[in-house]
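**Student:** Here it is, the structure in full.
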Amino acid sequence: MIEINLLPVREARRKADIRELAMQVVLLLIITGGALGIVHSRLSDELDRSSARIRQMENDIEQFKPQLKQVAEFRAQKARLEKKIDVIEGLDSARSGPVRLLNDLATRTPDRLWLTSLDAKGKAITLKGESLDNEIVAIFLRELGKSEYFVNVDLDSTELGKEKKGVRLVTFNIRATVANPTKSGSDGDAEAG
């Protein structure tokens, strides 16, 4: 029988297995390093692009700061002008309000009725006057009730007054509240005037 020494073959196979395992480990390290390199490269590129966008946005912000300042100044100036316009409109309505109220009162006053006193305290107004008879006073009350300038029109009293040139006059007292007319009514008056 022939004897064969298998130890060198086993030894050679073991060495080949170790070399193969080492080559696999080296290949795995190379592949892992390459993958890490690619991922690092992509992340680095993305970081560079993001940094470039941030720098561009910061430059744009710096470039538009003067315009933003101008816009803020224009808004502040607009607010000041709107306040001035509101004040002017308030003064205009305050200036023309009493004129319109007295004009309305004059146009609603019938013939043969005379106002002798007009007293205003806040929004309350008291009218005193004389008329030829009670029917004319009633007509005057109805007319004032139709007015957009007077609300809560109420007759306080009527009395026979003094005699003038042979005619006995009726004196009266009327209370009312002054109202703010609607915008459309006052605009129509302004256009008519």
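The values are calculated or read from the model by the stated rules, or taken from the named source; none is laboratory data. Fair warning: this is a prediction, and the values are worked out from it, not measured in the lab. A quick note on method: Cβ atoms are made from the backbone with ideal geometry, for glycine too, and the neighbour counts reach across all protein chains shown.
**Student:** I need every pair where a residue in the stretch 109-121 that is within 11 Å of residue 131 (Cβ to Cβ) has its Cβ under 8 Å from the Cβ of a residue that is assigned to a strand (DSSP E or B) and of a type in the set (Asp, Glu), sequence separation at least 6 or different chains.
**Tutor:** 113/130; 114/130; 116/130
**Student:** Looking only at the stretch 140-193, count how many residues are over 15 Å from residue 114 (Cα atoms), assigned to a helix (DSSP H, G or I) and at pLDDT 85 or above.
**Tutor:** The qualifying residues number 3.
**Student:** Determine, yes or no, whether residue 101 is modelled with pLDDT of 85 or more and either on the phi > 0 side of the Ramachandran plot or of a type in the set (A, V, I, L, M) (or both).
**Tutor:** no
**Student:** May I ask you to verify whether residue 32 is of a type outside the set (A, V, I, L, M, F, W, C) and within 30 Å of residue 138 (Cβ to Cβ)?
**Tutor:** Working: of a type outside the set (A, V, I, L, M, F, W, C): yes; within 30 Å of residue 138 (Cβ to Cβ): no.
Judged against the criteria, residue 32 is not a match.
**Student:** Still on this structure, please answer the following. Please enumerate the residues belonging to the stretch 122-141 that are surrounded by 12 or more Cβ atoms within 10 Å (Cβ to Cβ) and either closer than 18 Å to residue 101 by Cα or among the polar types (S, T, N, Q) (or both).
**Tutor:** Listed by number, the residues that qualify are 123, 124, 125, 126, 127, 128, 129, 131, 134, 140, 141.
**Student:** Continuing with this model, one more query. Would you mind telling me which numbered condition in (1) loosely packed, with under 10 Cβ neighbours inside 10 Å; (2) of a type in the set (Asp, Glu); (3) in a helix (DSSP H, G or I) residue 60 fails?
**Tutor:** (1)
**Student:** For the stretch 156-182, name all the residues that are surrounded by 15 or more Cβ atoms within 10 Å (Cβ to Cβ) and among the aliphatic types (A, V, I, L, M).
**Tutor:** Within the stretch 156-182, 169, 170, 174, 176, 178 qualify.
**Student:** Looking at the stretch 124-139, which of its residues are assigned to a strand (DSSP E or B) and of a type outside the set (Asp, Glu)?
**Tutor:** The answer is 124, 125, 126, 127, 128, 129, 131.
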